[in-house]
Amino acid sequence: MIANRFISPLDHLIVGVDKALRVVGGVAAMSRPNPGAHAIDSELSDAERRHSAGLMRVNHVGEVCAQALYDSQASFAHTPQVRAQFEHAAREEEDHLAWCAQRLGELGSQPSVLNPLWYAGAYVMGSVAARIGDPVSLGFVVETERQVEAHLNSHLELLPQQDAKSRAIVDQMRIDEIAHAESAQAAGAAALPLPVKLAMRAMAKVMTTTAYRI
């Protein structure tokens, strides 16, 4: 039997840097089919196409941040069970990342040029939450996913009705985010103080407003 190889801090660093480069470089693999694959691609006006692209770029940025958050939280998790939960959620979030990137290409647009900044900021926040302890880290997930759920609900109202492909992707993302929040809550998430929640919402507002345009 081959002994388990010791994973050094340097190994973790190399893996983390590789993951970051792939995420900000737009390299993401989907493990599930794109929900919009079989939706009818109705004709969009130029204005509608730009609007859909802006919203899907915001969603793509959200998934870039999700990769950073879950990667950092898994790296600094205090128990194997919580680490495994973060890794599972990250795998589903990578599907979202790939779906959004594919839809952006179909809309003739591209991801945010500020993705490296978004990734770095989210990684720092996830690391801080994880180092405080698993209950706080899980609570951070619950609050993040609830905010994302509300954000995706608003996008289902804002997207052009005939943009069935984008709407199918956003709806499946919403379902997954709800499940992630419920799993984190069941695993022992701690409630975050109101000032922390408000700060998270303010930062999310800055990100979504900026990402819509660049």
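The values are calculated or read from the model by the stated rules, or taken from the named source; none is laboratory data. Predicted model, so just to flag it, every value in this text is computed and none were measured. Neighbour counts are summed over all protein chains in view; Cβ atoms, including those assigned to glycine, are modelled from backbone coordinates with ideal geometry.
Being hydroxyl-bearing (S, T, Y) and in a helix (DSSP H, G or I) is a property that holds for S137.
When R83, R131 are checked against the criterion of being in contact (Cβ under 8 Å) with a residue 24 or more places away in the chain and either in contact with a strand residue (DSSP E or B) (Cβ under 7 Å, 6 or more places away or on another chain) or not acidic (D, E) (or both), a single residue qualifies: R131.
For the range 173-207, the set of residues classified as surrounded by 19 or more Cβ atoms within 10 Å (Cβ to Cβ) and not charged (D, E, K, R) consists of M173, H180, A181, A184, A189, M207, listed by residue number.
Looking at A184, is it closer than 18 Å to R83 by Cβ and assigned to a helix (DSSP H, G or I)?
yes
Applying the condition of being touching a residue at least 24 places away in the same chain (Cβ under 8 Å) and of a type outside the set (D, E, K, R) to the range 151-165 and asking which residue is surrounded by the fewest Cβ atoms within 10 Å (Cβ to Cβ) yields L158. Residues considered: A168, A120. Of these, the only one that is within 15 Å of the chain's Cα centre (by Cα) and either over 30 Å from H78 (Cβ atoms) or surrounded by fewer than 16 Cβ atoms within 10 Å (Cβ to Cβ) (or both) is A120.
If you filter the range 136-150 down to residues that are of a type outside the set (A, V, I, L, M, F, W, C), over 12 Å from the mean Cα position of the chain (by Cα) and surrounded by 22 or more Cβ atoms within 10 Å (Cβ to Cβ), you find that the one that is nearest to K197 (Cα to Cα) is G139. The set of residues from the range 86-124 being touching a helix residue (DSSP H, G or I) at 6+ places or on another chain (Cβ under 7 Å), in a helix (DSSP H, G or I) and among the hydrophobic types (A, V, I, L, M, F, W, C) comprises F86, A89, A90, L97, W99, C100, A101, L104, W118, A122.
Residues that are of a type in the set (A, V, I, L, M), under 14 Å from N115 (Cα atoms) and either part of a helix (DSSP H, G or I) or at pLDDT 95 or above (or both) within the range 16-55 comprise A20, L21, V23, V24, listed in sequence order.
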